[in-house]
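Worksheet for the structure shown next.
The values are calculated or read from the model by the stated rules, or taken from the named source; none is laboratory data. Just so it is clear, the model here is predicted, and its values are computed rather than measured. Note: ideal-geometry Cβ built from the backbone for every residue, glycine included; neighbour counts use all protein chains shown.
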């Protein structure tokens, strides 16, 4: 039987804790530069990663519902999410579409003011609201980043008000396609052809149009040679300048 050698062990160097070297899951994020994590250094990123969990949604699966306790906030890292409100008469108003890099779930109240649902399969980073607020107190960079995000959301809301109030159906569809193109370019993706993963009904509920009017407007733009409808929910902007003219200087 082997005897424990106390004398030998006492002469060994004391153990030194080793720093963990595995990368934070945030480090490999392809849209990090557009998320709340963009201004953070590696040490700060590790603290954010420690409170984050990943969420996966299938097409049509809800992320949260209007009136639900606003306990979490989210960053979209892949896929498309729609946010909407249900009107008292049962109609639905889509207020926006979210893409990789977008933030969702900010709420001043204790409950969400709108619903969010996956348009396509999605991946999101989920942060407990209370823990993120605590980090914001220690990391002003996160708070500043959220202010920038809120400012961008205000601009998007103003653009939608213009779409709903002053444009014809044809102008709305043209503006919508150019908006999707612009958003893709901001994410570093190809801006033509444009990915249009949402349904005609979703588009109509966003633009204040019926599903039939949306389909008819797409068909008219196609027949005029301004766009081409491609497989896999893609739309080719065949005549971008003409589309911009139709949109009224989007």
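Quick grid of which residues meet (1) in contact (Cβ under 8 Å) with a residue 12 or more places away in the chain; (2) more than 23 Å from the chain's Cα centre (by Cα); (3) over 22 Å from residue 119 (Cβ atoms); (4) in the same structural domain as residue 179 (by TED's automatic domain parsing):
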{"site": "208", "(1), (2), (3), (4)": "yes, no, no, yes"}
{"site": "223", "(1), (2), (3), (4)": "no, yes, yes, yes"}
{"site": "226", "(1), (2), (3), (4)": "yes, yes, yes, yes"}
{"site": "235", "(1), (2), (3), (4)": "yes, no, no, yes"}
Look at residue 145 and say whether it is surrounded by 19 or more Cβ atoms within 10 Å (Cβ to Cβ) and over 18 Å from residue 67 (Cβ atoms). yes
For segment 36-83, the count of residues that are buried (at least 21 other Cβ atoms within 10 Å of the Cβ), within 21 Å of residue 95 (Cβ to Cβ) and in contact (Cβ under 8 Å) with a residue 60 or more places away in the chain equals 4
For helices (runs of 4 or more DSSP H) lying entirely in segment 187-249, having 2 or more residues that are surrounded by fewer than 16 Cβ atoms within 10 Å (Cβ to Cβ) picks out 211-223, 240-247
Of the conditions (1) under 19 Å from residue 33 (Cα atoms); (2) part of a helix (DSSP H, G or I); (3) in contact (Cβ under 8 Å) with a residue 24 or more places away in the chain; (4) more than 12 Å from the chain's Cα centre (by Cα), the single one that residue 127 does not satisfy is (2)
The number of residues in segment 162-184 that are under 23 Å from residue 101 (Cβ atoms), at pLDDT below 90 and surrounded by fewer than 18 Cβ atoms within 10 Å (Cβ to Cβ) is 0
